[in-house]
1. Could you count how many residues in segment 123-139 are among the aliphatic types (A, V, I, L, M) and closer than 19 Å to residue 158 by Cα?
2. For segment 103-142: of the residues being among the β-branched types (Val, Ile, Thr) and modelled with pLDDT under 95, which is surrounded by the fewest Cβ atoms within 10 Å (Cβ to Cβ)?
3. On the basis of being without any contact (Cβ under 8 Å) to a residue 12 or more places away in the chain and either assigned to a loop (DSSP other than H, G, I, E, B) or among the hydrophobic types (A, V, I, L, M, F, W, C) (or both), does residue 63 make the cut?
4. Go through (1) surrounded by fewer than 23 Cβ atoms within 10 Å (Cβ to Cβ); (2) of a type in the set (Gly, Ala, Ser); (3) closer than 20 Å to residue 31 by Cα one by one and return the number of the condition residue 146 breaks.
5. If I ask for residues that are closer than 20 Å to residue 35 by Cβ and not in a strand (DSSP E or B), which ones from segment 157-178 would you list?
6. Which residues, counting only those in segment 76-106, are outside any strand (DSSP E or B) and over 14 Å from residue 47 (Cα atoms)?
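The values are calculated or read from the model by the stated rules, or taken from the named source; none is laboratory data. In this text the structure is predicted, and so the values were computed from the model without any measurement. Every residue, glycine among them, receives a Cβ derived from its backbone with ideal geometry; neighbour counts consider all protein chains shown.
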Amino acid sequence: MRFRLLGAAIAAPLFLSALPASAAVVWSFQPGMASPSTGYTVINTFDTTAGIDGSGFLIKTPPADSEGAPPANSIPAGTPYLSVLGGGSATIDFGAAVNRFQFDWGSIDTYNTLTIDSTGPEKIIIPGGNFINAANGNQVSPGTNGLFTVWGDAGETFQSITLTSSSNSFEIDNLAIGGAAVPEPATWAMMIMGLGGAGAMMRRRRLVLQSL
C-alpha cells in the first residue's frame with residue numbers, strides 16, 4: 001500500500017508536465033522604439049562578425065550608403081550595425097532555447113526575409129506579406145525603423161534567426177533575448193494541480209498510518 005501511494009504521488013505531476021502544447025509564434029513592431037526592452041538582454045551589438053554565419057553581409061558604421069543605413073531607432077546612434085546585402089544571408093544562433101527575442105530593424109523593405117528556427121515549424125516573416133507594415137525602405141521614418149519583437153505563445157521556443165535579402169539591404173542592430181524558455185501558464189496550472197493531488201494523497205497516507 002505504501003509503495004502504490006508514493007508511486008502515484010510522484011507520477012501525477014510528471015505526467016501532467018509532459019502533456020503536449022499547441023505552439024505558436026507571435027510578433028510585434030513598435031515604430032521608433034529601441035532594443036532592449038525591460039526584461040531583455042542584448043547578446044549582439046554587431047560590432048564585429050563574431051557569432052554570425054553566412055556570406056554577403058557586412059558590419060557597417062554610419063553614415064548610410066548604397067550598402068546599408070543604420071536603424072534610425074537604435075540607441076546609441078552612430079554605432080556599428082549588421083547589413084545583409086542582396087543575395088546574402090546571416091544566421092545568428094542564440095546559444096540556448098529562448099521564448100522571446102527582439103532587435104532594432106532599420107529601413108524595412110519588402111525584399112527582407114526573416115527566418116526563425118524554432119521547436120515548432122520554421123517561421124518565415126516577410127514585410128508587406130505576413131508582416132503587414134510600411135516596407136518602403138525609408139531610412140528615417142519611425143514607420144520603417146523600430147523595435148521588432150518575437151515571442152513563443154503556448155510553449156514555442158527559438159534557437160536562431162537567419163536574415164536574407166534579395167537586394168541591398170536588411171539592417172538590424174542590438175539583438176536581445178528575453179531569457180531561457182519556461183513552461184507555459186497552462187502547463188504550470190496543471191503541474192500545480194498535480195502537486196496538489198500528490199499532497200492530498202500524502203496527507204491521506206499519514207492518516208492511514210496514524211490509524212494503524
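1. 3
2. So the first thing to find is which residues in segment 103-142 are among the β-branched types (Val, Ile, Thr), and the list is 108, 110, 113, 115-116, 119, 124-126, 132, 140.
From what is left, the residues that are modelled with pLDDT under 95 are 119, 132.
Working: 119: 15, 132: 9.
Once the filter is applied, the top-ranked residue is 132.
3. Answer is yes for this residue.
4. For residue 146, the failing item is (1).
5. Selection gives 157, 169, 178.
6. Narrowing segment 76-106 to residues outside any strand (DSSP E or B): 76-80, 99.
Within segment 76-106, just 99 meets the criteria.
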